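Below: the structure, in structure tokens.
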Amino acid sequence: MSHSSPASAVPVGAARSLCSSSVATFGGRARVPGDKSISHRALMLGALAVGETEILGLLEGDDVRHTAAAMAALGALVIPGTDGGPWRVRGAGVGGLVEPDRILDMGNSGTAARLLIGVVSSHPITCFFTGDASLNRRPMARVTAPLERMGASFVGRAGGRLPLAVIGTDHPVPIEYRLPVASAQVKSAILLAGLNTPGVTTVIETHPTRDHSELMLRHFGATVTTESLPQGALAVSVTGQPELVGCRVQVPADPSSAAFPAVAALLHPGAALTLTAVGVNPRRTGLYQTLQEMGADLRFENPRTEAGEPVADLVIRGSALRGVDVPPERAPSMIDEYPVLAMAAACAHGTTRMFGLAELRVKESDRLAMVADGLTACGVSVEAGPESLFVHGTGRPPQGGARIVTAMDHRIAMSFLVLGTVSSEPVVIDDGSFIETSFPGFAALMNGLGARIEALDTHR
């Protein structure tokens, strides 16, 4: 990385309010932390495998550490890596999890909570799940409804919200379930419940969602099939009660995390940035396709495959962007990236219209409303509908100068800090501590590339 800055030593987790100020240059070479989705799954499948699993590049953020602690409480031996080295998991085997003697705290992670609820629901054990204030507001009924059909039962708050008791079944039943709303988390929860269920469990999705679970299940030795159905639908099936075998997992850099420095580079004329070993699974690259349509000079170089996942280096150069229409069917491949896309749209020439955003309403926050309100406060003209967001860019960075309420949402926080690197006036976020859930060292990495993100008390 280049462009060292005194502020790069400011730890995000220790800072509440953070201030991002405009900088003239941005760029260099960096590797963002490991993919969060793949890190969760590697720990879970390692715990369900026989033998030892070695995980390299695991994201060591708060969310993933909660998953590691939960797998240990369920009977796996989890050995953390030292000095960035590999983590090791000695599994209990499919069906071998034990009833934990403590409540499983999933922190801020909806992915971890939903997937692990699926895992334990087909075990004859009772588990209690909770999370932070943000996670405990998120609906779990979309997961518990199909899992009840498989034999599990649940006791929780309205909408299946956490805290939640999961009473697993000792006679799980395979099901065929059509997802009412595209969701990789719900699909994965059902497939993971199907691991300890005799027979074949099938999930039908109208629009393809992230397939990290399918790829990693195959990597560990499970039989997973995908059948194309009419009108673009897919039927994904897992054969129950396999013997998963411990293996080596190389976690690629997270494409969702890479989005933040990538967009920052695009917004700085003359910027040149290389982000190494980023996961480029085609079901995760909707943002990069959209940015290219907006005129971004963004290329994938040195493509290769690691642990079943496609990986490449992202090379980005500062670019003049123009507004585009983003179709609703692209949403599953970029659902977490709409907030930072909106920052790019705010600086583009013309209107960017985003459709199919209903899922943003039930993320860590109501991200659609948060983005619209924050951009408005920064001087950007926006229109927000129930499932859409129109951002009217002027071809130059907005005024900025706002204090953004993040509602404990790490992606809202990082997105507006990116905007602050180009806005006329600094952008302040009220709480940067939750950035640690997905992107530990975010401020240090960004500042190492030329940004000026500082704890508020050091800024004034």
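The values are calculated or read from the model by the stated rules, or taken from the named source; none is laboratory data. Owing to the predicted nature of the structure, the values given are computational and were not obtained by experimental measurement. Here the Cβ is made from the backbone with ideal geometry for all residues, glycine too, and neighbour counts use every protein chain on show.
Taking the stated definitions as given, is T351 free of Cβ contacts under 8 Å to residues at least 12 places away in the same chain and either touching a His at 6+ places or on another chain (Cβ under 8 Å) or at negative phi (or both)?
Judged against the criteria, T351 is not a match.
Results for (1) of a type outside the set (S, T, Y); (2) at pLDDT below 95; (3) not assigned by TED's automatic domain parsing to the domain that holds F355, shown as yes or no for each residue.
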site	(1), (2), (3)
L389	yes, no, no
G395	yes, no, no
R403	yes, no, no
A407	yes, yes, no
V418	yes, no, no
T421	no, no, no
P426	yes, no, no
I429	yes, no, no
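Tally up the residues in the range 260-273 that are surrounded by fewer than 23 Cβ atoms within 10 Å (Cβ to Cβ) and either within 21 Å of V249 (Cβ to Cβ) or touching a Leu at 6+ places or on another chain (Cβ under 7 Å) (or both), please.
Of the residues in the range 260-273, 0 are surrounded by fewer than 23 Cβ atoms within 10 Å (Cβ to Cβ) and either within 21 Å of V249 (Cβ to Cβ) or touching a Leu at 6+ places or on another chain (Cβ under 7 Å) (or both).
When residues of the range 354-389 are filtered for being touching a residue at least 24 places away in the same chain (Cβ under 8 Å), touching a Gly at 6+ places or on another chain (Cβ under 9 Å) and more than 24 Å from P180 (Cβ to Cβ), how many remain?
Number satisfying all stated conditions: 3.
Inspect all residues belonging to the range 277-297 and state whether any of them is in a strand (DSSP E or B) and surrounded by fewer than 18 Cβ atoms within 10 Å (Cβ to Cβ).
So far as the range 277-297 goes, yes, one or more of its residues are in a strand (DSSP E or B) and surrounded by fewer than 18 Cβ atoms within 10 Å (Cβ to Cβ).
Could you tell me whether any residue of the range 154-163 is under 11 Å from V236 (Cβ atoms) and surrounded by fewer than 20 Cβ atoms within 10 Å (Cβ to Cβ)?
Within the range 154-163 (the criterion being under 11 Å from V236 (Cβ atoms) and surrounded by fewer than 20 Cβ atoms within 10 Å (Cβ to Cβ)), the answer is no, since none of the residues qualifies.
Which numbered condition in (1) surrounded by fewer than 24 Cβ atoms within 10 Å (Cβ to Cβ); (2) of a type in the set (V, I, T); (3) touching a Leu at 6+ places or on another chain (Cβ under 9 Å) is the only one that T82 fails?
(3)
Which number in (1) β-branched (V, I, T); (2) assigned to a loop (DSSP other than H, G, I, E, B); (3) at pLDDT 95 or above marks the one condition that V181 misses?
(3)
Among S121, S109, which is hydroxyl-bearing (S, T, Y), touching a strand residue (DSSP E or B) at 6+ places or on another chain (Cβ under 7 Å) and touching a residue at least 24 places away in the same chain (Cβ under 8 Å)?
S121
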